[in-house]
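Trainee: The structure's right below; bear with me while I get my questions together.
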Amino acid sequence: MGSMPRMKTRALLAWLVLSIFILQPAAALAESPMDLPAGKLIQMPAAENPVPANSGEQQAAVSLEQAIGIARETFEVPEVLNEFSTGFDQGKSGSFWDLRWYRSSEPGGEMNVRVNSETGEIWSMGQWISPAPGQEYQGLPRYTREQVEGAAAALAEKLQPKRFKLTRLQPALDNDYHPLPLVKRGQVEYQYEYARIIDGVPYTQNGISVSVSGDTGQVTRFELRWDDTKGFPAAAGMISQQQAEQIFRSETGPELYYFRERVPGGREVPLKLVYRLPGQQNRAVIDALSGKVLSREDEFYAYYDMAAGGGGEMKMAGNQAAIPLSPVEEIAVEEAKSLLSREKAQELAMSAVKVPGEYVLNNSRLEQDYMFKNQKMWHFNWETGSGAERKAMDITVNAVSGELISFNTGSYYTFYEPSKSPEVKFSEEEALKIAGEYVKKVQPARWGEVVYNNARPDYYPVIDKEGISQPRSYNFNWARLAKGVQFPDNGFYVVVDSATGEITSYRMTWWDVEFPGVQGVMSREEAANRYLGEAPLTTAYMRLWMGSTYSKISEEGEVHLVYYTARQNFTMLDAFTGQLLDYNGNAVTPSYKDQKFDDLDSHSSREAVELLARSGIVAPVGGKFRPDDNVTQAELITMLVKSRTYSPMPVYRASVTGKEPWYQQYYDMAARLGIIQAGENPDPDLPVTREVMARLTIHTMDLYKVARLSDIYVLNFNDAGDITENLRGHVALAVGLGLIEPVDGDFGPKAVVTRGEAAETLVRILKSN
């Protein structure tokens, strides 16, 4: 994932994922033998290489002892991993020894190596070591992505010399560099993807993946993905790039939507008009031969914005002494008087949805909507039976109006025997009619304000005798429509049982929000051109499992030659300006690859500025950095704050509404981080002096408690008397740590700092560990 900080939990998750990656069928090696690294292919008489009795085989070409030797000869096992375990895995993909070295005590760590027991090839390796207290990483990594790329290529070529020749390094993702905080962090890893190339076209499901630590320069992960797929469609007759782009524009390009940032707490968060791919998908895929739109990721969108559960039956305490309420508490008490009682709300819930007599009320709770503090709901849960026979159902109603918000009738689900396919009595079209009539009945006024979006059958895992997957139920959703534009976060979600035709789940999400006008938005064609400019269509072979309609299950999937939009660092576009926005609607910082500084060619601060740009801490404005201009307090504080956060700064509500200057959010965060004092409001345009920079940088490093003991420091500068008394400790530490260098025996406390000098100082902080 690029240079993203890797913590212990993320490493564990990575290895859970790694354990299920696609393995190469043994037949592939027989048909296309590959050279192995010298000493790695070990042939022994079969009788001398027994495998576990439960493996289903009597022998293996490579014994466990030999597999261990292969792994240790290729990779150095860290000494701290003092425990060892093994496993054996055999299936359609071949047989493998799974080797695991791990640490028996905290802090944890492990190393996993997977060795093919038929060929002796290493198919995967991965390791993570949790650093001991005091040994954590921080700041910029020691190496850049470019500096360790050779280590990744060397290992891939060593372990897979012939396969490596059939691959090509893919471009790094735009999120390869992230702001790296001064606080303790996990190891930075750079990931290199070498995709298999077929007739000059990448086959995205096959290849070699290598990760290298930016802190140590060592390989931390290796993974081979290779199969015996045949029948790749010939590229002859494929549509042109221009034709594919036109299909993108007309059929699957970005569409206009309303979007609300998912910030809890109130209606003051304004809706935005954005362009994003249809159905809020992540990419578009177009068949390069037929021009047909093949698949849309995340095509089904369900509404799960109800308040999260929690808590049991509400209990009131009595006979307590009266305690004066605060103003906000008084408001809450007054608002509660307008809410339905639990008894009345339960009566309305049971009148809206039939609750079988054998069900017993298990829980009732009053919930506040996560997104809107002034909206509350009564939620009721009933249960019957116990153990494997336990069933439950839920109903939620509005706590003011009593209207039905959602229900889930678990008792109405039809459960099938594991070996029996469901008996489908209702088609998707019939189920859609049932769902639509229900929504129209319970919400007649709002039914006219929605548009049907899509359907998704839930296929039962067991197929019938003809090999056709049968749907257990159908999921339908309708999106809210305002001023001719969809608002996907609002609408209706309905599930219909395919065997009974009963509605088993219903959910309405409908917010009291204002919809901005659409006057002035860019055209759909302009948005598509902007999108393609940032995420051009790319050709590739891609295996697709098309499961949106009833069809025979294909274990292999079908390989298509496609044009597709590769992963990008944005999710949507501002409909007025074309600004790239992330998943939460915030502006995206341009990739460092696209950040060109026209005024740094021969400047001494160029390397420092470019390092900060890679980490998202600075960016060019009009193509310039202005290295010789004085750095202002607002500019320096902004850079320091960005050096202490893992991700781009959130956009606060006041900033959204334009009530505060751009730098205020950074001042607020600087106060929380201790860079400035609470309530301190530095003059944003005031140039920063060297002693002020010493103060702010030492505070950024959390050394202010030591720095404020100014009397213990001896300053041997010619101009030591000019240093402000309470900043003597800050200056001493800044010079002692090599952050700020004196000049000819002088510190120059009142001298003004340039933007280039500030960048160089910040890089010294990030490299100081």
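The values are calculated or read from the model by the stated rules, or taken from the named source; none is laboratory data. The shown structure was predicted, so the numbers you read here are calculated from the model rather than taken from an experiment. Methodologically, a virtual Cβ is constructed for each residue, glycine included, from the backbone with ideal geometry; neighbour enumeration extends over all protein chains shown. What goes into the accessible areas is simple: the full protein's heavy atoms, side chains included, and nothing from ligands, DNA or RNA. Shrake-Rupley method; radii C 1.70, N 1.55, O 1.52, S 1.80 Å.
Trainee: Any idea of Asp744's accessible area? Nearest 10 Å², probe 1.4 Å.
Mentor: Looks like 140 Å² after rounding.
Trainee: How would Asp582, Asp497 line up by accessible area, probe 1.4 Å, largest first? Show your work: numbers first, answer last.
Mentor: On the way: Asp582 40, Asp497 5 Å².
Heavy-atom accessible area, descending, gives Asp582, Asp497.
Trainee: Sticking with this structure for a sec: Based on the alpha-carbon gyration tensor of region 180-269 and its eigenvalue square roots a ≥ b ≥ c, which shape applies: rounded if a/c is under 1.5, prolate if not and a/b is larger than b/c, or oblate?
Mentor: Taking the square roots of the gyration eigenvalues as a ≥ b ≥ c, region 180-269 is oblate.
Trainee: For region 200-297, which GluC sites (Glu not before Pro) pass both filters: DSSP loop (anything but H, G, I, E, B) and at most 10 other C-beta atoms within 10 Å?
Mentor: Details: sites: Glu223, Glu245, Glu251, Glu255, Glu261, Glu268, Glu297; in loops: Glu261, Glu268, Glu297.
Answer in residue order: Glu268.
Trainee: Given the C-alpha centroids of region 476-507 and region 726-756, what is the distance between them in whole angstrom?
Mentor: What the calculation gives is 63 Å, centre to centre.
Trainee: Can you bin region 694-769 into rounded, prolate or oblate? Criterion: square roots of the alpha carbon gyration tensor eigenvalues sorted a ≥ b ≥ c, rounded for a/c under 1.5, prolate for a/b above b/c, oblate for the rest.
Mentor: Working: a/c = 1.79, a/b = 1.14, b/c = 1.57.
Oblate, since a/c reaches 1.5 and b/c is not below a/b.
Trainee: How would region 94-166 be classified by its alpha-carbon gyration tensor: rounded, prolate or oblate, with rounded meaning a/c under 1.5 and the a/b versus b/c comparison settling the rest? Working shown, then result.
Mentor: Details: a/c = 5.27, a/b = 1.26, b/c = 4.18.
In terms of gyration-tensor shape, oblate.
Trainee: Heavy atoms only, 1.4 Å probe, whole protein assembly: order Ile698, Ile68, Ile331 by accessible area, highest first. Provide the component values of the computation, followed by the final result.
Mentor: Working: Ile698 0, Ile68 45, Ile331 100 Å².
Largest accessible area first, the list is Ile331, Ile68, Ile698.
Trainee: How large is ³J(HN,Hα), in whole Hz, for each residue of region 530-536 in order, when computed from phi with the Karplus curve 6.51 cos²θ - 1.76 cosθ + 1.60 and θ = phi - 60°, using x for Gly and Pro?
Mentor: Computed from phi, the couplings for region 530-536 are 5, 4, 5, x, 8, 9, x Hz.
Trainee: Tell me the Kirkwood hydrodynamic radius of region 672-727 in angstroms, computed as one over the mean inverse distance between distinct C-alpha pairs. Spell out each step's value before the answer.
Mentor: Values: mean 1/r = 0.0791 Å⁻¹.
Kirkwood radius, region 672-727: 12.6 Å.
Trainee: Heavy-atom accessible area of His379 with all protein chains present, probe 1.4 Å, nearest 10 Å²?
Mentor: Answer for His379: close to 20 Å² accessible.
Trainee: Further question: Consider all pairwise Cα distances in region 608-752 and report the whole-number % of them above 29 Å. Could the numbers behind the result be given before it?
Mentor: Details: 1999 of 10440 pairs.
Considering region 608-752, 19 percent of its Cα-Cα pairs are separated by more than 29 Å.
Trainee: Please work out how much accessible surface Ser401 shows to a 1.4 Å probe, ignoring ligands, DNA and RNA, in Å² rounded to 10.
Mentor: Result for Ser401: roughly 70 Å² accessible.
Trainee: Something else now. Just to make sure I understand: if all protein chains stay in place, what is the order of Ser250, Ser605 by accessible area at 1.4 Å, largest first? Mind dumping the intermediate values first?
Mentor: Details: Ser250 70, Ser605 0 Å².
Greatest to least solvent exposure: Ser250, Ser605.
Trainee: What part of the accessible area of region 685-733, given as a whole %, is carbon or sulfur when the probe is 1.4 angstrom? Mind dumping the intermediate values first?
Mentor: Numbers: 1280 of 2490 Å².
Summing carbon and sulfur atoms, their accessible area is 51 percent of the total for region 685-733.
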